[in-house]
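Asks: Below is a structure I'd like to ask you about.
The values are calculated or read from the model by the stated rules, or taken from the named source; none is laboratory data. Quantities reported herein were computed from a predicted structural model and do not represent experimental measurements. So basically every Cβ, Gly included, is an ideal-geometry build from the backbone, and we count neighbours across all protein chains shown. Keep in mind that these areas ignore ligands, DNA and RNA; they rest on the heavy atoms of the full protein, side chains included. Shrake-Rupley method; radii C 1.70, N 1.55, O 1.52, S 1.80 Å.
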Amino acid sequence: MNHLFTQLFSIGSIMDLASLGFSFLLNFIVVWIIVHFFYYPKGRRRDYYFTFILLSVSIFMLIYLLLNNNSDMGIGAALGLFAIFGIIRYRTESVPIREMTYLFFLVALSVLNGKTEEMNLLGRLLINAIFILTVWFSENFMSAYKEGCKFVKYDNIDLIKPERYDELKADLEERLGLEIIRIEVGAVDFLTDMTMLRVFYKDPNKRIKSVDRILKIPQDNAF
């Protein structure tokens, strides 16, 4: 009993726990900053907010414990395990490109924070600062979310002719109540006089609306 007590509270164990606690706290705070201040204000998806936080914690703990406790399981096997979980979970849902990018971005950050043996404190802080600055710069200067986009199933195919573009734009602005920037004409069905339009409009809110990504209007099943 005394031997076990000594092992648990030895200087080395306390230092290991302190290192784990600091690394975990650093990773959690940085991930939370990225998700809460950069992803969520535009995405407004609480399900992905939950996913990003928990996945980053899981990745960090797995990488940290495998690399710092002389485990026989390598980092490649650990990431492969999460890849399998990701395929099983996300194959049933089409994950938007922005959410998928954040997913890989945060996984990479958690992996780097979990490899504490190869980085000193200054290096870890610098790497995390680079990640935060990269997201900040991309969201503020490289994203095009001042411009919204939605798919519209349109019933007046006479207006899709190039020479009647102004009439098409005026009709859509009146129906949608939006200031339209440009219109792209997609598939045309002459049997039903319907066409699919991709409408780009000014979005002063600068928010991503997941409903705008819907291509089909769901129909109630008849029983």
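Asks: Restricting the search to segment 165-196, which residues are more than 21 Å from GLU147 (Cα to Cα) and open to solvent by 60 Å² or more (accessible area, probe 1.4 Å)?
Replies: GLU167, ALA187, ASP189, PHE190, LEU191, THR192, ASP193
Asks: Give the number of residues within segment 179-204 that are part of a strand (DSSP E or B) and within 25 Å of LYS42 (Cα to Cα).
Replies: Number satisfying all stated conditions: 11.
Asks: Restricting attention to segment 93-113, which residues are in a helix (DSSP H, G or I), aliphatic (A, V, I, L, M) and either farther than 12 Å from ILE127 by Cβ or modelled with pLDDT under 90 (or both)?
Replies: Those that are in a helix (DSSP H, G or I), aliphatic (A, V, I, L, M) and either farther than 12 Å from ILE127 by Cβ or modelled with pLDDT under 90 (or both): ILE97, MET100, LEU103, LEU106, VAL107, ALA108, VAL111, LEU112.
The rows are residues; the columns are (1) farther than 25 Å from ALA108 by Cβ; (2) modelled with pLDDT under 90.
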position	(1), (2)
PHE9	yes, yes
ILE14	yes, yes
LEU17	yes, yes
GLY21	no, yes
HIS36	no, no
MET61	no, yes
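Asks: Is there a residue being modelled with pLDDT under 90, within 26 Å of TYR40 (Cα to Cα) and touching a helix residue (DSSP H, G or I) at 6+ places or on another chain (Cβ under 6 Å) anywhere in segment 171-178?
Replies: So far as segment 171-178 goes, no, none of its residues is modelled with pLDDT under 90, within 26 Å of TYR40 (Cα to Cα) and touching a helix residue (DSSP H, G or I) at 6+ places or on another chain (Cβ under 6 Å).
Asks: Could you check ARG46 against (1) at pLDDT below 85; (2) of a type outside the set (A, V, I, L, M, F, W, C); (3) open to solvent by 90 Å² or more (accessible area, probe 1.4 Å) and say which number it fails?
Replies: With (1) at pLDDT below 85; (2) of a type outside the set (A, V, I, L, M, F, W, C); (3) open to solvent by 90 Å² or more (accessible area, probe 1.4 Å) applied to ARG46, the lone miss is (1).
Asks: Could you list, in sequence order, the residues of segment 160-178 that are part of a helix (DSSP H, G or I) and of a type in the set (Gly, Ala, Ser)?
Replies: ALA170
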